[in-house]
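Student: Take this structure first; my questions come after.
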Amino acid sequence: MAGRLVNALGSASRTAEAFSDSATLRHMLRFEAALAHATAAAGLIPKKAAAAIERACDATLYDFGPLAEAARRTATLTVPVVKALTAEVKKRNAAAAAYVHWGATSQDVLDCAMVLQLGEALPPLLKDLGTIVDALARLAKKHRTTTMLGRTLLQPATPLALGQKIAGWASDIDRAKRRLAESFAETQIVQFGGASGSLSALGAKAEPVMKLLARQLELTLPPGPWFTQRVRVAALAQDIALVCGALGKAARDISLMMQIEVGEASEPSGPGRGGSSTMPHKRNPVGAALILAAANRAPHLAATIVSGMVQEHERALGGWQSEWPTLAALCETLGSAVEAMAEVAPGLAIDADAIQANMDATEPAVFAERATFLLAEKMGKEKAHALVEAALAESAKGGGSFIEALGQLKKELSDEKTLLGYSPKFVDRLLADLKRR
């Protein structure tokens, strides 16, 4: 695993902690403790043995290094962890050691640990995404009628309300967040199938054990084990990538609006934020950079998980083993993007004067479409198009402004409300839709 310095731009510390060595072992041992409790309650193992096992399920008692090294020799972390747990239990109660990991298999432990880690990592990010959406919605409402230059294919186009652009960001981020919340909820299930999914080692006690295990872990009990049915995990991975993409769309627009020759927006400032190692004047879009880095990484990480879905029979070789570290990296990538946007969204500054100056500098592009349709009502679209083209050419030669070249339309073309068209109402519709969610 890359160190914190290498991964500084790819992970938020809070999210990374959910997948740390300490958290990983803590959740694996939580499964073992819950299993001991459930099997003892069902009368499969002595209650004294369960108590000894539960006391030994303390992550601080174990050295992570040897466990990681041993995992590579068994292709699963569970084997060395169970071996170490058994040795620790034996110190306390030699007889109890025989009941460690009763009826379970390696994948039961690791899938449950993964699910529990997701339960630790994702709810705070979903909450932060809601805060981001709210901040953008407030900004969109503020700029409901702020006229700005629309841009298509990176070139000047017709005007629209700045609020519509921002509300569009909020709408898509909210949509992606809702998808992620649903797919996350579907992953919060226990994995318990034993050696190949039949729980035959538990005999008639299988049902009470798995019910109590799920209750102890605070997870839902699914209809059956899902060892090689990975749609839930793959859907989660894809939805994480969609959130990163939605955040990335907003970040891309913000970074373009921050270019010095555009100057329409700026990220919040602060000590050391956006500085350059060689150019003191720089105010770089650092939040946008972190978000865009995440948006670049996420789809490929998600693709790794989707490609690993084709798994063999009841337990997989290779596909499943590629999933856990990839999903951890994907969640950390999401955490980085969310943390960055949570700072950018509420502090995004808009320069209305720069927006107007950019409008003024591209006057023909701003008014051409509107002029064509106004004239088309009187002379047909073909003649109107030709007249507008002639006026554009005259303006380009220095023959006065485009509006002056179409003198009879000066009043209509200068009407800001008309120029914005339906854009302010689109802001209202987008914000109203957010409120309904």
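Student: Of the options Ala16, Asn284, Ala98, report the single residue whose Cα projects farthest towards the positive end of the charge dipole of the chain (beta-carbon charges: Lys, Arg +1; Asp, Glu -1).
Tutor: Ala98
Student: Using mean Cβ contacts within 10 Å as the protection proxy, how do 421-427, 199-205 order, highest first? Please report the intermediate quantities before stating the final value.
Tutor: Working: 421-427: 18.1, 199-205: 14.7.
Ranking the peptides 421-427, 199-205 by packing returns 421-427, 199-205.
Student: Could you tell me the ratio Rg/Rh of the stretch 127-212? Both radii from Cα atoms, Rh via Kirkwood.
Tutor: Expressed as Rg/Rh, it is 1.43.
Student: Taking every alpha carbon pair in the stretch 189-343, what does the distance histogram look like in 5 angstrom bins from 0, in percent?
Tutor: For the stretch 189-343, the pair-distance distribution reads 2, 9, 14, 13, 13, 11, 9, 8, 6, 6, 4, 3, 2, 1, 0.
Student: Relative to the Cα centre, what is the charge dipole magnitude of the chain, using +1 at the beta carbon of each Lys and Arg, -1 at the beta carbon of each Asp and Glu, and rounding to the nearest 20 debye?
Tutor: Magnitude of the dipole: close to 980 debye.
Student: Determine the gain in length on full extension of the stretch Lys48-Arg73; use 0.36 nm per residue of separation and subtract their C-alpha separation, reporting nm with one decimal.
Tutor: The Lys48-Arg73 span can extend by a further 5.7 nm.
Student: Hey, another quick one. Hey, what's the Kirkwood Rh for the chain if you take every pair of different alpha carbons, in angstrom?
Tutor: About 25.4 Å for the chain.
Student: Can I ask one more? Grab the other residues whose beta carbon is less than 11 angstrom from that of Arg230, score K and R as +1, D and E as -1, and report the net. Before the final figure, lay out the partial values.
Tutor: Working: positive: Arg232; negative: Asp111, Glu323.
Residues near Arg230 contribute -1 overall.
Student: Write down the Kirkwood hydrodynamic radius of the stretch 67-185, to one decimal in angstroms, obtained as one divided by the mean of 1/r over all alpha carbon pairs.
Tutor: 19.1
Student: Quick one: which residues, 5+ away or cross-chain, put their amide H under 5 Å from the amide H of Ala265? H built at 1.01 Å from N.
Tutor: Excluding prolines and chain starts, which carry no amide H, the hits are Met258, Asp351.
Student: Now for a different question. How big is the Kirkwood radius of the stretch 1-75, worked out from every pair of different alpha carbons and given in Å to one decimal? Before the final figure, lay out the partial values.
Tutor: Numbers: mean 1/r = 0.0690 Å⁻¹.
In the stretch 1-75 this quantity evaluates to 14.5 Å.
Student: With the crude spin-label approximation of a point 7 Å out along Cα→Cβ, what separation in nm comes out for Lys211 versus Ala361?
Tutor: 7.1
Student: Of the options Ala170, Phe192, Gly248, report the single residue whose Cα projects farthest towards the positive end of the charge dipole of the chain (beta-carbon charges: Lys, Arg +1; Asp, Glu -1).
Tutor: Phe192
Student: Once you list every other residue whose beta carbon is under 15 Å from the beta carbon of Arg429, what net charge do they have if Lys and Arg are +1 and Asp and Glu are -1?
Tutor: Counting the neighbours of Arg429, the net charge comes to +4.
Student: Return, for the Cα atoms of the stretch 16-142, the radius of gyration and Dmax in Å, separated by a comma.
Tutor: Rg then Dmax for the stretch 16-142, in Å: 19.0, 70.
Student: Still on this structure: Considering only Leu330, Pro225, Met341, whose Cα is most displaced toward the positive end of the charge dipole of the chain, charges sitting on Cβ of Lys, Arg (+1) and Asp, Glu (-1)?
Tutor: Comparing the listed Cα positions along the dipole, Pro225 ranks first.
Student: To continue, here is another question. Given 10 °C and 1.306 mPa s, compute D for the stretch 142-192 with the Stokes-Einstein relation, Rh being the Kirkwood radius over Cα pairs; round to the nearest whole µm²/s.
Tutor: Translational D for this selection: 117 µm²/s.
Every read-out reported here was derived from the displayed coordinates using simple, explicitly stated rules and does not represent laboratory data. Remember, it's a predicted structure, so these values are computed and weren't measured experimentally. Using ideal geometry, Cβ is built from the backbone for each residue, glycine included, and neighbour counts are taken over all protein chains shown.
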